[in-house]
Amino acid sequence: MSQSITREAALRVALAARELDNIPVRELVSALAARLDLPLTEAKLKTVTVADLQLILQGDDIVETGTPKEQLKQAVRLLWGEGVSGSDLPLPESYEEGELPGSIRVACASNNGVLLDGHFGSCERFLIYQVSPTEARLIDLRPTLEADHAEDRNVARAALIKDCQVVYVQSIGGPATAKVVRAGVHPVKVAFDKNSGGTALDTLAKLQQALNSPPPWLARAMGVEAGSLAKFVAAAERADA
């Protein structure tokens, strides 16, 4: 099962099975997979509705059709990750485009909670933040398991974060770097030290300080002119006058 379902998704399914009068977890996994396709990820479970769950369960004769609707609702909430005991995943916040002026979108490779402790090619998920000089808002969690079933896992992982300008990772190989850059994302390697923090927000706080006067690499990622290059641009303009 480990190659077909993320750890977080397995936890959610197990808790939902308990809510549904302790139906066998493997049977619920099989029923969900038949409906959603493998691999099962948090993102796929987030799409399940009460009506979907009724059809999933009735179709496989796992539970009786008379299962109380409140039980089904609670099971769906658990599949979504709401109120899941034992989960270390943070909850994303809502975000509308343009809500954070001067912001960029950043992916952080992670294996555990909010830690920035993942390698590009093996991390379990990307934490997606919208980052402005005054706020770093978690807006999405993107599991990578489905990408690992693709013909080219690095291309598929890069596609997962192609709406981001920057990705922070513990490490990334040369071929993968080329594919990330080709997707329009700037990869940045950071050293992980759990004793001194190691969370995504620790790293993003440093990024926030640089947003108002970005170094050349960040300016390119943002699509703006680097503050450190401004004096050379001004000199060139004076020369052309």
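Of note:
- Phi angles of region 152-157 translate, via the Karplus equation with coefficients 6.51, -1.76, 1.60 and θ = phi - 60°, into HN-Hα couplings of 10, 5, 5, 5, 5, 5 Hz per residue; Gly and Pro are given as x.
- Sequence-separation-based contact order of region 104-229, relative, with Cα cut under 8 Å and 6+ spacing, percent: 25 percent
- Counting only alpha carbon atoms, the long axis of helix 230-240 and the longest principal axis of the chain meet at about 50°.
- Residue 27-residue 112 pseudo-label distance in nm [points 7 Å out on the Cα-to-Cβ vector]: 3.6 nm
- The packing ranking of peptides 172-182, 13-23, 154-164, highest mean first, is 154-164, 13-23, 172-182, where packing means the average number of other beta carbon atoms within 10 angstrom of each residue.
- Net +/- balance of residues flanking residue 166 in space, Cβ distance below 14 Å, scoring K and R +1, D and E -1: +4
- Each residue of region 218-223 was assigned a 3J(HN,Hα) from its phi angle through the Karplus curve 6.51 cos²θ - 1.76 cosθ + 1.60 (θ = phi - 60°); the sequence is 6, 4, 4, 5, 7, x Hz, with glycine and proline shown as x.
- When only the Cβ of Lys, Arg, Asp and Glu is charged (+1, +1, -1, -1), the dipole of the chain relative to its Cα centre reaches about 700 debye.
- Computed [θ] at 222 nm, deg cm²/dmol, the chain (DSSP H ≥ 4; -39,500 (n - 2.57); rounded to nearest 500): -12000 deg cm²/dmol
- Listed residues 217, 106, 14: farthest to the positive end of the dipole of the chain (Cβ charges): 217
- Span from the region 67-99 Cα centroid across to the region 25-57 one, whole angstrom: 15 Å
- A cut-off under 12 angstrom between Cβ atoms defines the neighbours of residue 122, and their net charge, with Lys, Arg +1 and Asp, Glu -1, is 0.
- The 3J(HN,Hα) values that the Karplus relation (6.51, -1.76, 1.60; θ = phi - 60°) gives for region 8-14 are, in residue order, 5, 5, 4, 4, 5, 5, 4 Hz. Gly and Pro appear as x.
Values quoted throughout were computed directly from the atomic coordinates according to the rules given, and no laboratory measurement underlies them. Keep in mind the model is a prediction, meaning the values are calculated, not measured. Note: ideal-geometry Cβ built from the backbone for every residue, glycine included; neighbour counts use all protein chains shown.
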